[in-house]
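Inspection log for the structure reproduced underneath, given as structure tokens.
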Amino acid sequence: MKPMLVIKPHERSYADPIACFQGDRLVLTGREDIWEGHRWLWAIAEDGRQGWIPDRLVRIEADHAIALDTYSAMELSCEQDEILYGVSALHGWVWCRNLAGEEGWVPSRNLSEGGLA
């Protein structure tokens with residue numbers, strides 16, 4: 001895990017975001033967005049939760065999609081100058097853990113690996 005400095009605060013967007021396991025069926029609504037050069041698809045999970053999912057994590061079938069990996073769209077709220085630990089990166093976001101042990105995605109543009117003492 002890499003220590004990262006929050007250079008711009010982030011507030012999570014959804015209280016109960018979409019999550020899925022590898023092999024789960026997803027319904028794609030046709031809504032999509034390009035964010036930071038990456039394609040995101042609006043999906044509905046088997047439990048009814050909806051949200052954005054990276055295009056590379058789904059295989060599109062005739063009338064549905066299949067999750068290629070386990071994924072959660074949980075975001076992590078954070079404050080400027082907070083230290084987070086980056087676990088993995090995907091589509092312009094970094095999965096981070098804070099000092100309290102909470103985890104979630106933070107936009108990579110809000111983080112810096114440099115400047116840590």
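The table below gives the values:
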quantity	calculated
Hits in segment 59-117 (condition: under 28 Å from residue 25 (Cα atoms), in a strand (DSSP E or B), in contact with a Cys (Cβ under 9 Å, 6 or more places away or on another chain) and not charged (D, E, K, R))	67, 71, 72, 87, 96, 104, 105, 106
Complete set of residues in segment 1-21 that are under 15 Å from residue 54 (Cα atoms) and either surrounded by fewer than 13 Cβ atoms within 10 Å (Cβ to Cβ) or in contact with a helix residue (DSSP H, G or I) (Cβ under 9 Å, 6 or more places away or on another chain) (or both)	20, 21
Any hit, segment 24-39, residues being over 17 Å from the mean Cα position of the chain (by Cα), at pLDDT below 95, in a loop (DSSP other than H, G, I, E, B) and not β-branched (Val, Ile, Thr)	no
Sole residue being out of contact with any strand residue (DSSP E or B) (no Cβ under 8 Å at 6 or more places or on another chain) and either surrounded by 13 or more Cβ atoms within 10 Å (Cβ to Cβ) or not assigned by TED's automatic domain parsing to the domain that holds residue 105 (or both), chosen from 24, 63	63
Only listed residue being touching a Cys at 6+ places or on another chain (Cβ under 9 Å), without any contact (Cβ under 8 Å) to a residue 60 or more places away in the chain and aliphatic (A, V, I, L, M), chosen from 15, 45	45
Test for residue 77: is it without any contact (Cβ under 8 Å) to a residue 12 or more places away in the chain, surrounded by fewer than 15 Cβ atoms within 10 Å (Cβ to Cβ) and of a type in the set (Ser, Thr, Tyr)	no
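The values are calculated or read from the model by the stated rules, or taken from the named source; none is laboratory data. Just so we're clear, the structure is a prediction, and the values are computed from it rather than from any experiment. Glycine also receives a Cβ, built like all others from the backbone with ideal geometry; neighbour counts cover every protein chain displayed.
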